[in-house]
């Protein structure tokens with residue numbers, strides 16, 4: 001999608017709409033580039049983006065049942081099962097029976113998984129800091145505030161999980 005040029009009378013609303021469309025264009029261009037950049041950094045260490053997201057969910061929220069992880073990450077339960085299978089084989093997570101629900105399985109990180117995530121997060125934080133150093137401190141604070149406001153607007157509409 002690209003912002004279309006407004007033809008005719010320029011109103012305050014059309015200027016706001018035009019700037020909103022330019023923002024959509026920037027998000028649409030930045031998002032895939034950012035993900036490609038993250039994926040390239042992860043692959044250097046042998047980790048996929050999908051695996052990092054699953055490990056990150058466990059790292060931040062602790063042990064969870066697979067359906068909760070699926071809902072949080074917005075991926076199918078089949079994909080979560082495949083990811084857990086691979087991570088379990090690598091010794092990064094383990095399955096445990098749910099203490100009260102025999103139908104559910106709890107996924108938790110192993111010590112090796114925790115150490116792996118600590119290393120990935122440290123490397124990722126350093127790389128992101130380098131990327132966002134392109135912005136001065138005031139711009140970073142303002143971008144953080146603005147993105148938080150947009151995320152909150154989406155949360156109010158029921159679009160995303162609260163964070």
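If you go through segment 54-69 one residue at a time, do you hit one that is over 29 Å from residue 143 (Cα atoms), surrounded by 12 or more Cβ atoms within 10 Å (Cβ to Cβ) and free of Cβ contacts under 8 Å to residues at least 40 places away in the same chain?
Yes, segment 54-69 has at least one match.
Taking segment 83-104 as the search range and keeping residues that are out of contact with any helix residue (DSSP H, G or I) (no Cβ under 9 Å at 6 or more places or on another chain) and in a strand (DSSP E or B), which one is nearest to residue 63 (Cα to Cα)?
For segment 83-104, the residue satisfying everything is 96.
Just give me the residues in segment 56-66 being under 15 Å from residue 117 (Cα atoms) and part of a helix (DSSP H, G or I), in sequence order.
Passing the criteria: 56, 57, 58, 59, 60, 61.
From the list 118, 139, 101, pick out the single residue that is at pLDDT 95 or above and loosely packed, with under 13 Cβ neighbours inside 10 Å.
The match here is 139.
Being within 20 Å of the chain's Cα centre (by Cα) and assigned to a strand (DSSP E or B) narrows it down to one residue among 120, 80, 69, 107; which is it?
Result of the check over 120, 80, 69, 107: 107.
Identify all residues within segment 36-55 that are touching a helix residue (DSSP H, G or I) at 6+ places or on another chain (Cβ under 7 Å) and part of a helix (DSSP H, G or I); write none if there are none.
38, 39, 41, 42, 49, 50, 51, 52, 53, 54, 55
When only residues in segment 72-88 that are over 14 Å from residue 113 (Cα atoms) and in contact (Cβ under 8 Å) with a residue 24 or more places away in the chain count, which is surrounded by the most Cβ atoms within 10 Å (Cβ to Cβ)?
80
The values are calculated or read from the model by the stated rules, or taken from the named source; none is laboratory data. Computed from a predicted model, the values in this text were never measured in an experiment. We place every Cβ from the backbone using ideal geometry, glycine too, and count neighbours over all the protein chains shown.
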